[in-house]
1. It is to be established whether one or more residues within the range 14-36 are in contact with an Asp or Glu (Cβ under 8 Å, 6 or more places away or on another chain), without any contact (Cβ under 8 Å) to a residue 60 or more places away in the chain, closer than 16 Å to PHE82 by Cα and surrounded by 12 or more Cβ atoms within 10 Å (Cβ to Cβ).
2. Being in contact (Cβ under 8 Å) with a residue 40 or more places away in the chain, touching a Phe, Trp or Tyr at 6+ places or on another chain (Cβ under 7 Å) and under 21 Å from ILE16 (Cβ atoms): is that true of SER43 here?
3. Pull up the range 54-83, narrow it to residues that are polar (S, T, N, Q) and modelled with pLDDT under 95, then point me to the one that is nearest to the chain's Cα centre (by Cα).
4. Go through (1) free of Cβ contacts under 8 Å to residues at least 12 places away in the same chain; (2) exposed (fewer than 14 other Cβ atoms within 10 Å of the Cβ); (3) over 18 Å from the mean Cα position of the chain (by Cα) for GLY91 and report which single condition fails.
5. Which condition number in (1) part of a helix (DSSP H, G or I); (2) of a type in the set (A, V, I, L, M, F, W, C); (3) surrounded by 17 or more Cβ atoms within 10 Å (Cβ to Cβ) is the one that PHE65 fails?
6. Let me confirm something: among SER88, SER75, which residue is within 21 Å of LEU9 (Cα to Cα) and part of a helix (DSSP H, G or I)?
Amino acid sequence: MMVQDIIFLRALKITIVLLGTVLVYLGFKAYRRNRSKDMIFLSLGFALITAGSVAAGILFEFLGFQLVDVSMIESTMVVLGFASLIYSIYGFD
């Protein structure tokens, strides 16, 4: 059962990377079209969230970090990503 869980988790991480990459690409493409700085922060937010997931996988799978440490790092990047998304929506200018 443990091997199936690990394979499923890896499949989820790959899906997150693929979808996150598409979102970052679309956001950057929208920025190039409109030159709106909000689109840069939108792309940055999705990039941070995606990078957090990738970092968690690499740190846990290959570098032997503890699950708690990996979760803190991933959560920090997700919080920064969400903050960037909020900034892109509200602007605060």
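1. So far as the range 14-36 goes, no, none of its residues is in contact with an Asp or Glu (Cβ under 8 Å, 6 or more places away or on another chain), without any contact (Cβ under 8 Å) to a residue 60 or more places away in the chain, closer than 16 Å to PHE82 by Cα and surrounded by 12 or more Cβ atoms within 10 Å (Cβ to Cβ).
2. Details: in contact (Cβ under 8 Å) with a residue 40 or more places away in the chain: no; touching a Phe, Trp or Tyr at 6+ places or on another chain (Cβ under 7 Å): yes; under 21 Å from ILE16 (Cβ atoms): yes.
Spelling it out, it is not the case that SER43 is in contact (Cβ under 8 Å) with a residue 40 or more places away in the chain, touching a Phe, Trp or Tyr at 6+ places or on another chain (Cβ under 7 Å) and under 21 Å from ILE16 (Cβ atoms).
3. Step one: list which residues in the range 54-83 are polar (S, T, N, Q), which gives 66, 71, 75-76.
Pick out the ones that are also modelled with pLDDT under 95 and you get 66, 71.
Working: GLN66: 20, SER71: 13 Å.
Only one residue tops the list, namely SER71.
4. (1)
5. (1)
6. One residue alone meets the criteria, SER75.
The values are calculated or read from the model by the stated rules, or taken from the named source; none is laboratory data. Predicted, not measured: the structure shown is a model, and the values here were computed from it. All Cβ positions, even for glycine, are placed from backbone atoms using ideal geometry, and neighbour counts span all protein chains on display.
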